[in-house]
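Here's the structure, in structure tokens; my notes come after.
The values are calculated or read from the model by the stated rules, or taken from the named source; none is laboratory data. Because the structure is a prediction, the values reported are computed rather than measured. In this analysis, Cβ positions are derived from the backbone assuming ideal geometry, glycine residues included, and neighbour counts consider all displayed protein chains. What goes into the accessible areas is simple: the full protein's heavy atoms, side chains included, and nothing from ligands, DNA or RNA. Shrake-Rupley method; radii C 1.70, N 1.55, O 1.52, S 1.80 Å.
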Amino acid sequence: MTWIAPEIDRTRQLVVGDERAMLDSFLEHQRGTLLLKCQGLNGIQLAIRSAEPSSMSLLGLIRHMTEVERGWFRQTAGGERVPYAYCADDNLDGDFDDVLALAAEHDLDRYREEIALCAKVVADLPLEQTFTHPRSGKELSLRWIYLHMIEEYARHNGHADLLRERIDGVTGL
């Protein structure tokens, strides 16, 4: 039996609430949107690339967002010294370039696990907590990280829309 990405019950976004609840809600909705774009597809479909020379695929986006979640929440905000899951200094685009259809289930599980770990790391941190940007050295806040993550997902969910339509013609998920 071929593995198929499971159905997603995407949570509704809050329209009223305190700032942290609203940010968590918007971020969770964006995460759910990416998973929704993958639901019902098998590993081969998830690994289909957009168009040459791009290596972008839905599975690549899942892997990329695993890295982004880990980088901003665990490494930067949490100060954890954990390596990236797919990329390295000698393989900067491993999240997109090294996609294997047979590893799709594992990659989706890893993505979900990463989200849970990230949520734990920042659960008790105030939005005003500051950190040093890993490359620029500038000070930034947890609030900025949340907003950046929402923006990052929104951009990549646009890519996911086009990828899904290319795979099976489905739109509007």
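Scanning region 132-158 for residues that are modelled with pLDDT of 95 or more and over 14 Å from LEU61 (Cα atoms) yields GLU139, LEU140, SER141, LEU142, ARG143, TRP144, ILE145, TYR146, LEU147, HIS148, ILE150, GLU151. Restricted to region 107-125, and to residues there that are more than 16 Å from GLU80 (Cα to Cα) and touching a helix residue (DSSP H, G or I) at 6+ places or on another chain (Cβ under 7 Å), the residue that is surrounded by the fewest Cβ atoms within 10 Å (Cβ to Cβ) is ARG110.
The criterion of at least 1 residues that are among the β-branched types (Val, Ile, Thr) and surrounded by 15 or more Cβ atoms within 10 Å (Cβ to Cβ) is met, among helices (runs of 4 or more DSSP H) falling completely within region 1-101, by 19-38, 58-69. Evaluation of GLY172 against the conditions (1) open to solvent by 70 Å² or more (accessible area, probe 1.4 Å); (2) touching a residue at least 24 places away in the same chain (Cβ under 8 Å) shows that the sole unmet condition is (2). Return the residues of region 108-144 that are assigned to a loop (DSSP other than H, G, I, E, B) and among the basic types (Lys, Arg); say none if nothing qualifies. Scanning region 108-144 gives ARG135, LYS138.
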